[in-house]
Each structure stands twice: as C-alpha cells, then as structure tokens.
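The values are calculated or read from the model by the stated rules, or taken from the named source; none is laboratory data. The model shown is predicted, which means the values in this text are computed figures rather than measured ones. FYI the Cβ positions are ideal-geometry reconstructions off the backbone, even for glycines, and counts take in every protein chain you see. The protein model used for the area step is the full one, side chains on, heavy atoms only, and it has no ligands, DNA or RNA in it. Shrake-Rupley method; radii C 1.70, N 1.55, O 1.52, S 1.80 Å.
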Amino acid sequence: MKAQVYKDARPAEHFARFHERTRRRRPDWVYEAVRIVLTPYLLLFYRARCIDSHNVPQQGAVIIAPNHFSFLDHFFVAVYLRRKVHFMAKSQLFQRPMQFIYTHGGVFPVRRGHADEEAFKTAHAVLARGDIVVMYAEAGRSRSGELNKPRHGLGRLALESGAAVVPTAIAGTERVRNWRRLQFPKVTVQFAEPVRFEQVADPTREQAQAASEIVFEDVRVIHGRLRTEGRRGAIQAARAARRAAEGAGRRPISAD
C-alpha cells in the first residue's frame, strides 16, 4: 500500500488559481465527460446502486457528508445525482496533467497538513450560489476498512453556512483495491434525510465537533445497516418507509 503524505509543502499561493476558478464557475464539459466514461465502469464492475437519492434536495445549498474509504468515493456519490457537485479533495491530487480534470470537473483543493481557510472560503462560495459541496466527515480516507472519527471541519461548514447536510453511507469501497486480484466488490450508496442546523456565524471548535458528530451518527447507522443487512435489507427498509409515509398521507417517495 502506498504511503500517505500528510503535508503538502507547496505554498498556499500555488492553489489560488484553482480556488478562484471554482468560486467563479461551475463544473463544465469535463464533469459530464468523466461521468460518461466512468458510469459504465462503476455500474458493470462494482454493480453500484443508490438508495434514497430523493433525500438530496433538488435545489439550494447542500453539503453531502459521506464516509471515505476509496478514491472512487467521489464518483460513486455523484453518479446518481442529477445536480452537479463540487468536491473537497486533498491538495496532493493537484498535479499535472490531472489537475486540469479536477479543476474543470468541480474539485477544489484542501492544502494537506495545514489549516486551509481558502478551502472553506471556496466551499462557502459554492454554497452561497446554491450548489452542492461533498465534504468527507472524517476529513481523510480510512485505510482500516472501518469508519474513523468525524472531524470538526464538517460541523464548522454546516453551522457557518446553514446549508442542509445529507449524511451519506458508502459500503463496499473499502475493498475496491481488490480489483488488482480481479475482485470487484458490490458498492451501495445510501443518502439519509437532510440535517439542518441553526446558522452560527463563528462556531467554537466544540460546537463544530458536536455538529459533525450528529451528522456522522446517521452515517454510522445506515452504514452499519448496509453491512449487516446488505443492500437487499436496506432497499426493503426504504420501501417500508415509503409505505409508512403513504399510509400517513405524506407525498410518496421511492427508493432508487
């Protein structure tokens, strides 16, 4: 397994152009091209399936908060969503020639190993225009195959922006590296109901951590269910929730 590099030595100024582009522009044709190329791969090899994508609001500022096992998690989250999303990603990814794909495809850097206020400013700019940001609650990839502890950054962005936060569980990508042995795990993504916090202009670290914990508890619950009951059980539970909603006279929803 390749060793992790936890600090990017390049100066903050190196990444200014990537932030500026994301703040001014939405993802362009590159986003659609990557979607077209990768979608068949994700569906055929990993038998990817999404549950409850209706929980992602159709409009307005949204933070999608998944767990993180693999570099492919970005694509599994986005492939079933009609709305284009922006991704926070570690700055080490921004190397030629791939940095062109990333910056035109909605990805903006978080300078690894530093308190990167520019990344938060970019995320706020995206949310301010009513778009979607994907921010991993754990702030980095888990290499153990188990969920890590959430970090306070997610809670900070949620509290400062007041955006809806959609807890999201991704199951199966902890085994994505098995493709080297021609083993392709079945991957399931499930979106929980949005969580909304009262907006706080300058939250303390403790407040931010508490908000992250609230969001990630939902991730833990649905991820645990996906692991213990499997995709079929999760789909059956979603259908049962739909029937209960219909019985209560609410607008019917469907499991994807």
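Across all directions, the shadow cast by the convex hull of the range 106-197 built on its C-alpha atoms averages 7.2 square nanometres. Once a ≥ b ≥ c are taken as the square roots of the eigenvalues of the Cα gyration tensor of the range 77-117, is the result rounded (a/c under 1.5), prolate (a/b larger than b/c) or oblate (a/b not larger than b/c)? Because a/c hits 1.5 or more and a/b fails to exceed b/c, the range 77-117 counts as oblate. Taking a sphere under 12 Å around the Cβ of G145 and counting the other residues whose Cβ falls inside, with K and R at +1 and D and E at -1, yields a net charge of +3.
Counting 0.36 nm for each residue step from F100 to R227 and taking away their Cα separation leaves a gain of 42.1 nm. A cut-off under 15 angstrom between Cβ atoms defines the neighbours of L159, and their net charge, with Lys, Arg +1 and Asp, Glu -1, is -1.
Are there DSSP H segments in the chain that both extend 15 Å or more along their axis (alpha-carbon positions) and score a mean Kyte-Doolittle hydropathy of at least -1.0? List them, or say none. Answer set is 29-45, 117-128, 205-247. Between amide H atoms placed 1.01 Å from N, distances below 5 Å from A48 occur with L43, V187, all of them 5 or more places distant or on a separate chain.
In this structure the chain gives 51 Å² per residue of accessible area when probed at 1.4 Å with all protein chains present. Only helical runs count toward this figure. For the chain, summing -39,500 (n - 2.57) over DSSP H runs of n ≥ 4 and dividing by all residues gives -13500 deg cm²/dmol at 222 nm.
Springs between Cα atoms under 10 Å define the GNM used for the chain, and in it the highest mean-square fluctuation of A201, A238, A48 occurs at A201. Using a simple spin-label model with pseudo-atoms 7 Å out from Cα toward Cβ, F71 and A245 lie 3.7 nm apart. This model, with +1 at the C-beta of Lys and Arg and -1 at the C-beta of Asp and Glu, gives the chain a dipole about its Cα centre of some 980 debye. A crude spin-label estimate for the pair I36 and A9, with each label 7 Å from Cα along the Cβ direction, gives 4.1 nm.
Apolar share of the accessible surface for the chain: 54 percent from carbon plus sulfur atoms, 1.4 Å probe. With no solvent and one point on each alpha carbon, what is the Debye value of log10 I(q)/I(0) for the range 1-140 at q = 0.10, 0.15 Å⁻¹? Each listed q corresponds, in turn, to -0.33, -0.76. For the peptides 57-66, 225-234, residues were scored by their other Cβ atoms within 10 Å and the scores averaged per peptide; the highest-first order is 57-66, 225-234.
Using a/c under 1.5 as the rounded threshold, could you call the range 200-242 rounded, prolate or oblate? The axes a ≥ b ≥ c are square roots of the C-alpha gyration tensor eigenvalues, and prolate needs a/b larger than b/c, oblate otherwise. It comes out prolate by the Cα gyration axes.
Based on the alpha carbons, how large is the Rg to Rh ratio for the range 1-64 when Rh follows Kirkwood? That ratio is 1.07, to two decimals. Database remark: amide H of V195 closer than 5 angstrom to the amide H of V165, V166 (H placed geometrically; neighbours at sequence offset of 5 or more, or on other chains; Pro and chain starts carry no H).
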